[in-house]
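Read the structure below first, then the notes.
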Amino acid sequence: MSTAAQLGALLNTQADLNYYTAQLNYWSGKYEANSEKLEKQVKYEEKWEKAYDDAIDNEKELKVSSNGRQIVVKENNTNKNLADIYAHAKVQQYDEELSLELAELDIEYDTMKTMYEALVTMKQAEKESQKQSTATSAQDTHLLQS
């Protein structure tokens, strides 16, 4: 392969590397932003589950105010619907649908980020190989001095 062709291939590889790096930055940013939201929802879910568990077979009466009304759970409650209502009132920030959506996005964004990390690594190795090959070819044609 001529030096000019090798140099062209090297420039194409650099362009690919720039594109993949930009995509990696994009997906990494989306992944990190989504992860923060998902972490919050996971914490809210844990609090919600604790509130739900506290409202089943409870040893003392529980009260919580929500939207101007008071939810009261009597001692030794076995009503799961009431426990659900109590948990939602106690941890209003928890949104099960949002949590599921964020979990799906987490997988998608992580997959894209991982794919672009692999492509960047592959293109970096390809670039180094092409740089070496181009330099050797240029020296062989005496375009570069040793």
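The values are calculated or read from the model by the stated rules, or taken from the named source; none is laboratory data. Since the model is a prediction, treat every value here as computed from it, not as a measurement. When we count neighbours, we look across all protein chains shown, and the Cβ atoms used for this are built from the backbone with ideal geometry, even at glycine. All accessible areas refer to the heavy atoms of the entire protein, side chains included, with ligands and DNA or RNA removed. Shrake-Rupley method; radii C 1.70, N 1.55, O 1.52, S 1.80 Å.
Which of the residues spanning the range 72-102 are open to solvent by 100 Å² or more (accessible area, probe 1.4 Å), over 15 Å from Glu49 (Cα atoms) and in a loop (DSSP other than H, G, I, E, B)?
Within the range 72-102, Lys74, Glu75, Asn76, Thr78 qualify.
Let me spell it out: the conditions are (1) open to solvent by 70 Å² or more (accessible area, probe 1.4 Å); (2) of a type in the set (Phe, Trp, Tyr); (3) touching a helix residue (DSSP H, G or I) at 6+ places or on another chain (Cβ under 7 Å), and Tyr26 meets all of them except one. Which number is the exception?
Every listed condition holds for Tyr26 apart from (3).
Report, by residue number, each residue of the range 49-71 that is polar (S, T, N, Q), open to solvent by less than 70 Å² (accessible area, probe 1.4 Å) and modelled with pLDDT of 90 or more.
Asn58
Search the range 1-49 for residues being free of Cβ contacts under 8 Å to residues at least 24 places away in the same chain and closer than 30 Å to Tyr94 by Cβ, and hand back the single one that is farthest from the chain's Cα centre (by Cα).
If we take residues in the range 1-49 being free of Cβ contacts under 8 Å to residues at least 24 places away in the same chain and closer than 30 Å to Tyr94 by Cβ, then Glu46 is farthest from the chain's Cα centre (by Cα).
Going through the range 39-71 one residue at a time, which ones are assigned to a strand (DSSP E or B) and among the β-branched types (Val, Ile, Thr)?
Those that are assigned to a strand (DSSP E or B) and among the β-branched types (Val, Ile, Thr): Val64, Ile71.
Exactly one condition in (1) closer than 30 Å to Gln124 by Cα; (2) touching a strand residue (DSSP E or B) at 6+ places or on another chain (Cβ under 8 Å) is not met by Ala9; state its number.
(2)
Filter the range 116-136 down to the residues that are under 33 Å from the mean Cα position of the chain (by Cα) and of a type in the set (Lys, Arg), then identify the one that is farthest from Leu10 (Cα to Cα).
Lys123
Keeping to the range 8-65, report how many residues are among the β-branched types (Val, Ile, Thr) and within 30 Å of Ser133 (Cα to Cα).
Here the count works out to 2.
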